[in-house]
Amino acid sequence: MKKVVGILLVLAVVAGFAYYYMAPKPGPVEPPVKPTAGKVAIVTNTVSQNEEEYRSAQEMVAKYGDRVVHVTWPDNFMAEQEQMVSVVAKLAYDPDVKAVIINQAVPGTNAAVDKLLETRDDVFIVYCTPQENPPDVAARAQIIMMPDELAMGNTIPAQAKKLGAKVFVHYSFPRHMSQVLLSSRREIMKKKCAELGLEFVDATAPDPTGDSGLPGAQQFILEDVPKMVAKYGKDTAFFSTNCAMQIPLIKSVVDTGAIYPQPCCPSPYHGFPTALGIESDLSKQDNIKHVIDETRRILKKKGMTGRLSTWPVPVAMMGTVAGTEYAFKVINGEVPFDKLDVKVLEQCMSDYAKVAVETNPYVDEAGKKYDNFLFVLMDFLTY
């Protein structure tokens, strides 16, 4: 028996050695793929020009550290075009800068980018809200994003209807209505209201740049909205094309129990904090949640739940964030440099907005489509 056990043990050892030397060996362990080194530069207006754009860039600096470079346009950019060129041209000196996000792409941006492209053809360029000729813009940037103002001619009345509106009041003035975009949007609104069974009221307000100035225009809104509600009832939706009118318009809508589907520039920050007495500090990371929560709380207290809405994030901030996130995907080789992946970009937007975001390419009057020039729409946040 001892001999048998001894033989079995020897055989087991031999078998073990045989397995060790004959079994296939695992290959060398591959190190995890590391993101390609590279920086994203973000160009925004200053705090005094547009705080939302500036703070959105600071959010990206906080997230990515020294992989994001933040610079600003001169305050008086229209008179300092040479300084604009210098701001962008200096970015070319850093070989680690692989992408530039420009928000806003104000007049003079194309000339500044041309200077950059003289020495660097490897930089991924994103324009937000460009203010120069669309074909010229599309020839320089890999991505262009701007809010779809014309499509809002359909979405704003449709949202008003969802909130219970039977009448839609459109406040504007001749200077704004001389602008093709704004007047075209009004005509789309008229048509959509007719389609939805809403009565459209075309109301003229004083121009804030006119004789009565801003105080006169705001006082007009405070006095006229109650008159409109007395005439048409509380199920009346109000919209104004002017930024300065949003605060008195929100105040009057809340006081009269009317409906407010969207500010002219859709954002939780546009008009709501001042009109409702909410403290807002854009430098704080969770400020947007604070503003939305406080707006919802105050409107509920006033019995106005389900009567006011806006977009859940400022489109200006979303452009910076989505553009930066997409640019890092380009740098890391996750999406191609020279072919826009619209679905990935829309997902970058949705991740920030926490709602569905859709885009549509720009089509010029001749029917030419620009796949890299995208108009942006998102779902509403209803308080």
### Task
Just give me the residues in region 208-250 being among the polar types (S, T, N, Q), out of contact with any Lys or Arg (no Cβ under 9 Å at 6 or more places or on another chain) and either under 17 Å from VAL167 (Cβ atoms) or in contact (Cβ under 8 Å) with a residue 24 or more places away in the chain (or both), in sequence order.
GLN218, GLN219, SER240, ASN242, GLN246
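Okay, residues lined up against (1) outside any strand (DSSP E or B); (2) crowded, with 17+ Cβ neighbours inside 10 Å; (3) assigned by TED's automatic domain parsing to the domain that holds CYS348:
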residue	(1), (2), (3)
ASN110	yes, yes, yes
PRO130	yes, yes, yes
PRO135	yes, no, yes
LEU181	yes, no, no
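Conditions (1) within 23 Å of the chain's Cα centre (by Cα); (2) aliphatic (A, V, I, L, M), marked per residue:
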{"position": "GLN58", "(1), (2)": "yes, no"}
{"position": "ALA62", "(1), (2)": "yes, yes"}
{"position": "ASP75", "(1), (2)": "yes, no"}
{"position": "TYR93", "(1), (2)": "no, no"}
{"position": "ALA99", "(1), (2)": "yes, yes"}
### Task
State which residue pairs qualify: first residue under 16 Å from LYS162 (Cα atoms) and inside region 251-266, second residue among the charged types (D, E, K, R) in any location, beta carbons under 6 Å apart, and separation of 6 or more residues or different chains.
GLY257/LYS234; ALA258/LYS234; ILE259/ARG307
### Task
Please go through region 191-212 and pick out each residue that is assigned to a helix (DSSP H, G or I) and either surrounded by fewer than 17 Cβ atoms within 10 Å (Cβ to Cβ) or aliphatic (A, V, I, L, M) (or both).
LYS191, ALA194, GLU195, LEU196
### Query
Filter region 279-328 for residues that are touching an Asp or Glu at 6+ places or on another chain (Cβ under 7 Å) and farther than 22 Å from ILE156 by Cα; which is surrounded by the most Cβ atoms within 10 Å (Cβ to Cβ)?
THR320
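Only one residue in PHE239, PHE200 is touching a helix residue (DSSP H, G or I) at 6+ places or on another chain (Cβ under 7 Å) and over 26 Å from TYR269 (Cβ atoms), so which one is that? Break it down stepwise before answering.
Details: PHE239 fails: over 26 Å from TYR269 (Cβ atoms).
Answer to the check: PHE200.
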### Query
Residue check, ALA353 against (1) small (Gly, Ala, Ser); (2) over 19 Å from ILE288 (Cα atoms); (3) under 13 Å from the mean Cα position of the chain (by Cα), all met but one. Which one?
(2)
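Table: residues versus (1) touching a Ser or Thr at 6+ places or on another chain (Cβ under 8 Å); (2) modelled with pLDDT of 95 or more; (3) polar (S, T, N, Q); (4) not assigned by TED's automatic domain parsing to the domain that holds LEU182.
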site: GLY257; (1), (2), (3), (4): no, yes, no, no
site: PRO266; (1), (2), (3), (4): yes, no, no, no
site: SER283; (1), (2), (3), (4): no, no, yes, no
site: ALA322; (1), (2), (3), (4): no, yes, no, yes
site: GLN347; (1), (2), (3), (4): no, yes, yes, yes
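Test LYS343 against the stated conditions and say whether it is over 18 Å from PRO147 (Cβ atoms) and either in the same structural domain as ASP286 (by TED's automatic domain parsing) or part of a helix (DSSP H, G or I) (or both).
Criteria met by LYS343.
Just for region 361-383: of the residues that are outside any loop (DSSP other than H, G, I, E, B) and loosely packed, with under 15 Cβ neighbours inside 10 Å, which one is modelled with the lowest pLDDT? Show your work before the answer.
Restricting attention to region 361-383, the residues satisfying the condition of being outside any loop (DSSP other than H, G, I, E, B) are 361-363, 369-378, 381-382.
Now drop any that are not loosely packed, with under 15 Cβ neighbours inside 10 Å, which leaves 363, 369, 371.
Working: VAL363: 91, LYS369: 95, ASP371: 96.
Out of the qualifying residues, it is VAL363.
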### Message
Can you tell me which of (1) more than 25 Å from the chain's Cα centre (by Cα); (2) within 30 Å of LYS289 (Cα to Cα); (3) not charged (D, E, K, R) is the one ALA230 doesn't meet?
### Response
(2)
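The values are calculated or read from the model by the stated rules, or taken from the named source; none is laboratory data. Note that the structure is a prediction, hence the values are computed from the model and not measured. Cβ: placed from backbone, ideal geometry, glycine included. Neighbour counts: every protein chain shown.
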